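Asker: Have a look at this one.
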Amino acid sequence: MNYLYFPGCTLYTKAKNFDQTARNCSLLLGFELIELPNWTCCGATFPLATDNLMALLPPARILARAKEQGEILTTLCAICFNVIKRTNHLLQRDGEKREKINEFMEMNYLGDLKVLHYLEILKQEIGFSTIKDKVKKPLNELQAAPYYGCMLLRPFEEMGFDDKERPTLFEEFLESLGAKPVDFPYKIECCGSFQSVGSPEVATECAYRILTSAMKQGAEVVVSTCPLCTFNLDQKQSDILKAHLDFKTIPVLYFTQLLGVAMGLDPRTLGFEQNAVDPIPLLKRKGLV
Amino acid sequence: MGSSGNGFIKKAMVIGGGIAGITASIDIGNAGYNVLLVEKLPSIGGRMLQLSETFPTLDCAQCTLTPKTVETGQHPRIQLHTYSEVVRVEGQAGNFIVQIRKKASYVDWEKCTGCGLCQQKCPSKYPSEFDRGMGLGKAIYTLSPQAVPNKPVINTSHCRYFLEKKCRVCEKICPVGAINYQQEDRIIEEKVGAIIVATGFDLMPIERFGEYGYGEIPDVIDGLSFERLNSASGPTNGEIRRPSDGKVPKEVVFIQCTGSRDPERYMPYCSRVCCMYTAKHARLYKHKVHEGQVYIFYMDIRSTGKGYEEFIQQTMEEGILYLRGRVSRIFRDGEKIAVWGVDTLTGKKVEVLADLVVLATAIIPHQEVKALAQILGIPIDLYGFLTEADRKLKPVETNREGIYLAGCVQGPKDIADTVAHANAAASKVQSLFARYS
Amino acid sequence: MKEMWEGGLRLGEGDFSFLEEVRRRSGEHLDLCYQCMKCTAGCPTAPYMDIKPHQLIRMIQMGRRGEVLGSGAIWFCVYCQTCGTRCPNEIHIGVLMDALREMAVGEGVEVKERRIHLLHEAFIQSVRRGGRVHEVTMLMDYVLRSRDLMKDSLGSGVKLFLKGKFPLFPSFVKEREEIRRIFERCTKKQ
Amino acid sequence: MRRLGVFICHCGVNIAGTVDVKKVAEEIGKIEDVCHSIDYIYMCSEPGQQLIREAIQEKQLEGVVVACCSPSMHENTFRKAVKTAGMNPYLCEIANIREQCSWVHQKEKEEATRKAMEIIQATLEKVRRNEELEPLAMSINRNVLVIGGGIAGMTASLDLAQGGYEVFLVEKGPALGGHMAQLSKTFPDLSPAFPNLLAKALEIVSHPKIELFCCSELEEVKGYVGNFEIIIHKKATYVDWTRCNGCARCIEVCPVEYPSSFDRELGMRKAVDFLYPNCVPKRVKVTPTQCRYFQDRSCRKCEEVCPEKAIQFDQKDERIHRKVGAIVIATGFDLFPKERLGEYGYGEIPDVIDGLAFERMLSPDGPTRGKILRPSDGRVPKEMVFIQCVASRDPDRYMPYCSRICCMYTAKQAKMYKEQVPDGQPYVFYMDIRSDGKGYEEFLQKTIEENGVLYLRGRVSRVFQEDGKVKVWGVDTLTGKGIEIGADLVVLATAIIPSEGVKELAAKLRATVDKHGFLTEAHIKLYPVESSTKGIYLAGCGQSPKDITDTVSQASATAGKIQALLSTDKLFQDPLIAYVDETVCSGCGICVEICPYEAREMDYRRGISIVHVALCQGCGACIASCPNFACELRNSSSVQTLRMVDTFI
């Protein structure tokens, strides 16, 4: 089985390791990600004001193109996923807007594509038990803290990803890899998002609270589903060190990187060099590389 | 207590002919016992008759009430003593001897047909208390055209005959010769087995609030006055016009907790109905004056009854601005009324220039309740409300067997709770009577 | 509505058009707000806002257009949607903020958090040019626009972005003409 | 030809402000058989009624139409009035020209006047063919069924029993008391809940007029006001209560322990146990889902030790038949379920409990003997957070209504906490403080002033566990800034919801519930304890959330209503019901199927369908469905209806 795949801008640039590991792992799990040809940026924010149709155009275009090629579209980046899934939801429900957009874009998309996050593909289409069977190198009870962030969970009515306050899907995934998921209260709190550029101190503080919360519960690594979250949580740790003298660094990995480790991929292909906090010492200590 | 079954009188007296007294009387009457209903005013109906619409359904108060007043008037087991007061009570449960003063009405009610001619022709007009001083009443009057009983009385302090010994228009015009200027108060004696006290409430007079203008600003009125302004049978036929110049107010301020929740200066308790009736007022006003703007100063919004919270939410949706905080001062500013308050939610001081200000003044017991409590030998609390036997388990009983409470005389409550309370009091009377059968 | 004292305001001149306008543009039922502050209690960026989310709603209700549109708060919301998820009246403040930002820009209000606003603009420009976001050009654009080249933390931001293997030139999608056209038609329409 | 009279009411300005009543009276007066047509300012007033009475006698009227407000207001008034003038009351009809005309056409005066005339003409058509009818008299049963053994049901039962009526009190659980038995002290006087309750409960079990059915539910109900036939399903307790003397030896030896729902899972109970130690009746019950005997027959210890040989593992459920004249529903409330309150960590964090659980903790006979100890580690909490409006006043996600009692019980709980732990700090998050009962405001003021309880206005965004504390995220009212409280124990004032199974019960009784499942009253103001079905009454929180005082008033009120209802020998019912033309009926049975009141039945011997006069509500469903036109409604016959319709066309 192959799935249409929307990588998104960041996965072509600073989150290449996210993209690569996902593609490689899927092959080992028996499916392929078919990149949507000539994709454009999703717009990166779901337009919120009711009279703003402009920002709906890019995701609507992506959906319409995808529908020409298949039935399921998958993404990795949580932001892209949020924007595309919500646009799809809107086009399904709001006939008036759907008509307007179709007319404007000279297309005819009915909102009938299924948009799934890569994690959802793993759970619904592949099955965590299958993954467990295919794991070559179980993660040796690695204390991994699953960080959901905002975009996968909210708004609950439109995303329908998991329980809005007590999600467990990510934990189930980590368990299937042989890791020990760490439950920590900040797993659903915001990382500070784009404020890392505009007002860096905001994001630094958010990241600090999330990471210390995870470490207090015994986490050895934080696992993320989003390039922007990863940027804030991982790359920002040098700033956190400046602001908080008591802070200790902790590796932050994409979930696909951990999947890659468990599937026995060559560590050199997992793009650890793009991680600001080097995860290799931890993985070595756990006997995983 | 309680003599044997033989001397036990299975007849009840209900003091107060408002919705509480009416409900209790009908309940007891329907159970097959005779009831004496004693009302201070010339006709029954009480405060509810002054209201326009009622929350949370916004249905017309008179329309829900008049079937009840008519039923009371026609009930074979209910005997009305209106324009009357209880002056003496002796004995005990099952055998109270009560004296009722029937005030002189100067109209022979036996002869009077209620044709209304006297009221039409009476030349003496004065601000009517029923319309809260905003409309004019006559010296010979009934409270409303649907009054039960529909018999007039003469107000001697306004009647030209009593003041100047001239006029006599009513006497001349009455087709049945019912006017009798020589009539005097009468005391009658009755025996009853149980008594329900349902004398209702009063509002704290605006004159007591210095910071709100001592009642000297005509366009600062209380909640009951606003009810009259809203009422189709009121002085403005239901149009919202301010008392000073008859203009339709465009900016209206409502101030809740006026005299309530003010332990140091006025009353420490919550008057329980103001939050809801203010929200209702705001909505009724908005329904009539679409472009008008309403501000409500409140402390906490207390909408605890069934459907009440939803009512408040709908009110907010109609674009009514709730400001959390008290008002410090009200004063006249040209044609406007300046209201100084604060919005505690933003911490900002606020001034509103209003056309009309409505104060939700505290609910207090009637002045006479104190004397009545002495007559009945039952305790009252600090504020003049009658005290129940147990706050939770005996909310309608008093500490004297055979005497029960119904409605706001026990504490502020809304119509729904008043009716349930009155039903409960009637139930206690029935149980008492049944025990001696 | 106008200022009457330092920190005070005068009601009674009936300017409720602002509330109506915000309600229409955002589609949020702001009059239902309980002022329960659950939004502020859970907001990750509220500590940095000059006006807290619940206060912002209050001020809109009271018609304080200038203060609201000129506030820094509207530029701090990152739309994590925690508020809307927990609000008893389902008021999505993120949506509200977006509408307010548009109104602020539309009315030419001087933007308090200029840097954040410029980031938005730079982002849109980048998509406009190439169909995809190219972080380097976007950041260059942003830096130029904000004239904030010396800003230290931003510098580190740029450096960190650069740690990934960036293509030297933006990778254009083939249909960039179509993208450009869409943007043009949009701008015309609005 | 009948001599008819028409009386047009102005209703002040309500009708006359829109409809030209003079013109209507004049025009209607021109109709041939209308001998009298007048208007008056208030027909319902005494002089108005007198006008009708006089006209009937002077003009020998044989039918009356009063054009006024809706018949639901004054139909009774006018029917009584014509009766006193010697006319059959069913020859008087109401033409509704207010709700259906003047109020809805305020801007179209001419049209409204024309419509008023048409409405009156249509009503005249009806009166021309009305029959003289007499109300139907029915015998009544004087017993009463009370469903629910909480304070509401107990109060209603005692009032009724004292009034001399036989009461069947049905309680789902094994003992009386309901939720009040779980409480520690009650606001606003801090009197202990239990002694008062115990006194009432003991009075009930010893009262000769009350028959108590514990562990029982209403299974079936048939009939109508005055004549209900009920079946009570009495579930097996596996203990012969006539023998059990409450010695508790069985409890001592029972090896099975499990969390007690009475103690809100804070304490344990045995598989054979009392509901609570001093319960009334003081009898034990075996819980088969926990008992080892019922699982694998491995244990019969209770049976062995019982000195009275009261344990009966083979006891069967019973079905008990009774007849009653009226029914009280006093089923009470539940608290909002844990599972749905994600952001508060409820059900997940042991130190986040609800108000009732805290009551158990405060109760001297509770699982901690009245000591405030947090469930996770048994420590005394030094910082406590109370959160009000949890799932109440939350229209989009949970319940829109206010639960009415939480403000007060939270203040009480904070006060009791502070009295027990003087160095502790309680915080209360609230939305609006609702202390609107007698003495409540004063109680609250005292709590804030004397007990140093810190009130914070606002909701809590999130509650989670960290560092051995329960972290609470809120906002400081004064500064508007976010704050985090590291609490030891968090108490949630969760929403009051109707107790489980009320919907099904209501369906059995043909009572209605609102969208939240609360029972609906006949009129929110004037008939707050009557249900929409005659003979069914409501008491307590099943109707809407209320405190003990209001619950007791309401319960007494139902008792009063029922006593008035049952005080007469016969009940009278409107005769405006269906009847069958037996010569036309083919006995097809369609009407039997369609009747919502079970008022139609086949008489197989005669091959026709008959009407149970007492059950028929005159809804007309059978008339509409009868293929042979064999059914008619008294005084709303097909001919009448068609003539009425003709007037409008």
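The values are calculated or read from the model by the stated rules, or taken from the named source; none is laboratory data. Quantities reported herein were computed from a predicted structural model and do not represent experimental measurements. Neighbour counts run over all protein chains shown; Cβ positions are idealised from the backbone, glycine included.
Residue by residue, here is whether (1) surrounded by 23 or more Cβ atoms within 10 Å (Cβ to Cβ); (2) at negative phi; (3) not acidic (D, E) holds:
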site: B:L41; (1), (2), (3): no, yes, yes
site: B:Q62; (1), (2), (3): yes, yes, yes
site: B:T66; (1), (2), (3): yes, yes, yes
site: B:Q74; (1), (2), (3): no, yes, yes
site: B:R88; (1), (2), (3): no, yes, yes
site: B:G114; (1), (2), (3): no, no, yes
site: B:Q119; (1), (2), (3): no, yes, yes
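Residue-by-condition table, conditions (1) in a loop (DSSP other than H, G, I, E, B); (2) within 21 Å of D:W473 (Cα to Cα); (3) more than 14 Å from chain D (Cβ to nearest Cβ); (4) among the β-branched types (V, I, T):
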{"residue": "A:D183", "(1), (2), (3), (4)": "yes, yes, no, no"}
{"residue": "A:R209", "(1), (2), (3), (4)": "no, yes, no, no"}
{"residue": "A:V222", "(1), (2), (3), (4)": "no, no, yes, yes"}
{"residue": "A:L228", "(1), (2), (3), (4)": "no, no, yes, no"}
{"residue": "A:D239", "(1), (2), (3), (4)": "no, no, yes, no"}
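Asker: Under 8 Å by Cβ, and 6 or more places apart or on different chains, what pairs join a residue from the stretch A:18-43 that is without any contact (Cβ under 8 Å) to a residue 24 or more places away in the chain and buried (at least 18 other Cβ atoms within 10 Å of the Cβ) with one that is part of a helix (DSSP H, G or I) and among the hydrophobic types (A, V, I, L, M, F, W, C)?
Answerer: The qualifying pairs are A:T40/A:I62; A:T40/C:V127; A:T40/C:I179.
Asker: Can you give me the number of residues within the stretch D:417-448 that are under 25 Å from D:V475 (Cα atoms) and touching a residue at least 60 places away in the same chain (Cβ under 8 Å)?
Answerer: 1
Asker: Moving on to the next point. For the stretch B:355-437, list the strands (runs of 3 or more DSSP E) that sit wholly inside it and hold at least 1 residues that are under 30 Å from B:D245 (Cα atoms); which are they?
Answerer: Details: elements: B:356-361, B:363-365, B:403-405.
Hits in the stretch B:355-437: B:356-361, B:363-365.
Asker: Could you please tell me which pairs satisfy a Cβ distance under 8 Å, a separation of 6+ or placement on different chains, a first residue in the stretch B:419-433 that is surrounded by fewer than 24 Cβ atoms within 10 Å (Cβ to Cβ), and a second residue that is among the charged types (D, E, K, R) and in a helix (DSSP H, G or I)?
Answerer: Pairs found: B:S431/D:D159.
Asker: Of the residues D:Y455, D:Y427, which single one is surrounded by fewer than 24 Cβ atoms within 10 Å (Cβ to Cβ), under 26 Å from D:D550 (Cβ atoms), within 14 Å of chain C (Cβ to nearest Cβ) and hydroxyl-bearing (S, T, Y)? Before the answer, list the steps.
Answerer: Details: D:Y427 fails: under 26 Å from D:D550 (Cβ atoms).
On inspection, the qualifying residue turns out to be D:Y455.
Asker: Return only the number of the condition from (1) within 14 Å of chain B (Cβ to nearest Cβ); (2) under 10 Å from the mean Cα position of the chain (by Cα) that D:T558 does not satisfy.
Answerer: Only one criterion is unmet by D:T558, namely (2).
Asker: If you don't mind, another one. Please enumerate the residues belonging to the stretch B:189-234 that are part of a loop (DSSP other than H, G, I, E, B), touching a helix residue (DSSP H, G or I) at 6+ places or on another chain (Cβ under 6 Å) and either within 14 Å of another protein chain (Cβ to nearest Cβ) or farther than 30 Å from B:R400 by Cβ (or both). Talk me through it step by step, then tell me what you get.
Answerer: At the first step, the residues of the stretch B:189-234 found to be part of a loop (DSSP other than H, G, I, E, B) are B:193, B:198-200, B:204-205, B:209, B:213-219, B:231-234.
Now restrict to residues that are touching a helix residue (DSSP H, G or I) at 6+ places or on another chain (Cβ under 6 Å): B:198-200, B:214-215, B:234.
Listed by number, the residues that qualify are B:A198, B:Y214, B:G215, B:G234.
Asker: Yes or no: the stretch D:483-491 includes at least one residue that is modelled with pLDDT under 90 and within 27 Å of C:T82 (Cα to Cα). Step through it out loud before you land on a result.
Answerer: Of the stretch D:483-491, the ones modelled with pLDDT under 90 are D:483.
Next cut, within 27 Å of C:T82 (Cα to Cα) only: D:483.
Looking for residues that are modelled with pLDDT under 90 and within 27 Å of C:T82 (Cα to Cα), one finds at least one in the stretch D:483-491, hence yes.
Asker: Could you check, for the stretch A:68-84, whether at least one of its residues is assigned to a loop (DSSP other than H, G, I, E, B), assigned by TED's automatic domain parsing to the domain that holds A:S26, modelled with pLDDT under 85 and not basic (K, R)? Even if it seems obvious, please write down each step before you answer.
Answerer: Step one: list which residues in the stretch A:68-84 are assigned to a loop (DSSP other than H, G, I, E, B), which gives A:70-71, A:76-77.
Filter once more, so that each one left must be assigned by TED's automatic domain parsing to the domain that holds A:S26: A:70-71, A:76-77.
With the extra rule that they be modelled with pLDDT under 85, the set shrinks to none.
So far as the stretch A:68-84 goes, no, none of its residues is assigned to a loop (DSSP other than H, G, I, E, B), assigned by TED's automatic domain parsing to the domain that holds A:S26, modelled with pLDDT under 85 and not basic (K, R).
Asker: Restricting attention to the stretch D:212-244, which residues are over 23 Å from D:L176 (Cβ atoms) and outside any strand (DSSP E or B)?
Answerer: Correct list: D:V225, D:G226.
Asker: Output the residue which, of all residues in the stretch C:19-34 that are within 10 Å of chain D (Cβ to nearest Cβ) and surrounded by fewer than 23 Cβ atoms within 10 Å (Cβ to Cβ), is farthest from A:G198 (Cα to Cα). Show your work before the answer.
Answerer: Applying the first criterion (within 10 Å of chain D (Cβ to nearest Cβ)) to the stretch C:19-34 yields C:29, C:32, C:34.
The next check asks that each one be surrounded by fewer than 23 Cβ atoms within 10 Å (Cβ to Cβ); those that pass are C:29, C:32.
Details: C:H29: 30, C:L32: 32 Å.
Checked the stretch C:19-34; the qualifying residue farthest from A:G198 (Cα to Cα) is C:L32.
Asker: Determine whether B:R132 is in a loop (DSSP other than H, G, I, E, B) and within 19 Å of the chain's Cα centre (by Cα).
Answerer: Working: in a loop (DSSP other than H, G, I, E, B): yes; within 19 Å of the chain's Cα centre (by Cα): yes.
For B:R132, the condition - in a loop (DSSP other than H, G, I, E, B) and within 19 Å of the chain's Cα centre (by Cα) - is met.
Asker: Next question, about the same structure. Looking at the stretch D:55-86 only, could you name the residues that are among the polar types (S, T, N, Q), within 14 Å of chain B (Cβ to nearest Cβ) and surrounded by fewer than 21 Cβ atoms within 10 Å (Cβ to Cβ)?
Answerer: Initial filter on the stretch D:55-86 (among the polar types (S, T, N, Q)): D:57, D:60, D:70, D:72, D:76-77, D:84.
Okay, now just the ones that are also within 14 Å of chain B (Cβ to nearest Cβ), so D:70, D:72, D:76-77, D:84.
The answer is D:S70, D:S72, D:N76, D:T84.
Asker: Another question about this same structure. Considering only the stretch B:374-418, state which residues are over 16 Å from the mean Cα position of the chain (by Cα), under 17 Å from D:D436 (Cβ atoms) and either at the interface with chain D (Cβ under 8 Å from one of its Cβ atoms) or surrounded by 24 or more Cβ atoms within 10 Å (Cβ to Cβ) (or both).
Answerer: Answer for the stretch B:374-418, where residues must be over 16 Å from the mean Cα position of the chain (by Cα), under 17 Å from D:D436 (Cβ atoms) and either at the interface with chain D (Cβ under 8 Å from one of its Cβ atoms) or surrounded by 24 or more Cβ atoms within 10 Å (Cβ to Cβ) (or both): B:E388, B:R391, B:K392, B:P395.
Asker: Does C:G106 count as more than 8 Å from every other protein chain (Cβ to nearest Cβ), modelled with pLDDT of 85 or more, surrounded by fewer than 21 Cβ atoms within 10 Å (Cβ to Cβ) and over 27 Å from A:P155 (Cα atoms)?
Answerer: Working: more than 8 Å from every other protein chain (Cβ to nearest Cβ): yes; modelled with pLDDT of 85 or more: no; surrounded by fewer than 21 Cβ atoms within 10 Å (Cβ to Cβ): yes; over 27 Å from A:P155 (Cα atoms): yes.
The answer is no for C:G106.
Let's see how each residue does on (1) at pLDDT 90 or above; (2) under 14 Å from the mean Cα position of the chain (by Cα); (3) part of a helix (DSSP H, G or I):
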position	(1), (2), (3)
C:W5	no, no, no
C:L9	no, no, no
C:D15	no, no, no
C:F18	no, no, yes
C:C36	no, no, no
C:I57	yes, no, yes
C:E67	no, no, yes
C:C80	no, yes, no
C:P88	no, no, no
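Asker: I've got another one for you. I'd like to check which strands (runs of 3 or more DSSP E) are fully inside the stretch D:393-494 and have at least 3 residues that are small (G, A, S).
Answerer: Details: elements: D:425-430, D:454-457, D:462-466, D:469-475, D:482-487, D:489-494.
Ranges flagged: D:482-487.
Asker: Looking at (1) among the polar types (S, T, N, Q); (2) buried (at least 20 other Cβ atoms within 10 Å of the Cβ); (3) more than 15 Å from the chain's Cα centre (by Cα), which one does B:Q50 not meet, given that it meets all the others?
Answerer: (3)
Asker: Kindly check whether there is at least one residue in the stretch D:48-61 that is outside any loop (DSSP other than H, G, I, E, B), in contact with a helix residue (DSSP H, G or I) (Cβ under 9 Å, 6 or more places away or on another chain), in contact (Cβ under 8 Å) with a residue 60 or more places away in the chain and of a type outside the set (S, T, N, Q).
Answerer: No, the stretch D:48-61 contains no residue that is outside any loop (DSSP other than H, G, I, E, B), in contact with a helix residue (DSSP H, G or I) (Cβ under 9 Å, 6 or more places away or on another chain), in contact (Cβ under 8 Å) with a residue 60 or more places away in the chain and of a type outside the set (S, T, N, Q).
Asker: Pick from the stretch B:267-301 the residues that are small (G, A, S) and buried (at least 24 other Cβ atoms within 10 Å of the Cβ): which of them is farthest from B:I255 (Cα to Cα)?
Answerer: B:S271
Asker: Here's a follow-up. Return only the number of the condition from (1) within 13 Å of chain C (Cβ to nearest Cβ); (2) of a type in the set (A, V, I, L, M, F, W, C); (3) not in a strand (DSSP E or B) that D:V380 does not satisfy.
Answerer: (1)
Asker: What residue, of D:I52, D:I120, is buried (at least 22 other Cβ atoms within 10 Å of the Cβ) and under 20 Å from B:P145 (Cα atoms)? Lay out the reasoning, then the answer.
Answerer: Numbers: D:I120 fails: under 20 Å from B:P145 (Cα atoms).
Result: D:I52 is the single residue among D:I52, D:I120 that is buried (at least 22 other Cβ atoms within 10 Å of the Cβ) and under 20 Å from B:P145 (Cα atoms).
Asker: Do we have D:A271 as touching an Asp or Glu at 6+ places or on another chain (Cβ under 6 Å), closer than 21 Å to D:P174 by Cα and among the small types (G, A, S) here?
Answerer: Details: touching an Asp or Glu at 6+ places or on another chain (Cβ under 6 Å): no; closer than 21 Å to D:P174 by Cα: yes; among the small types (G, A, S): yes.
Criteria not met by D:A271.
Asker: Shifting gears a bit: Do you know which residues across the stretch B:217-256 are over 23 Å from the mean Cα position of the chain (by Cα) and either buried (at least 22 other Cβ atoms within 10 Å of the Cβ) or closer than 17 Å to B:D333 by Cβ (or both)? It would help to see each step written out before you state the result.
Answerer: We begin by selecting, within the stretch B:217-256, every residue over 23 Å from the mean Cα position of the chain (by Cα); these are B:217, B:244-253.
If the condition is that a residue be over 23 Å from the mean Cα position of the chain (by Cα) and either buried (at least 22 other Cβ atoms within 10 Å of the Cβ) or closer than 17 Å to B:D333 by Cβ (or both), then B:I217, B:S244, B:D245, B:K247, B:P249, B:K250, B:E251, B:V252, B:V253 are the ones that fit.
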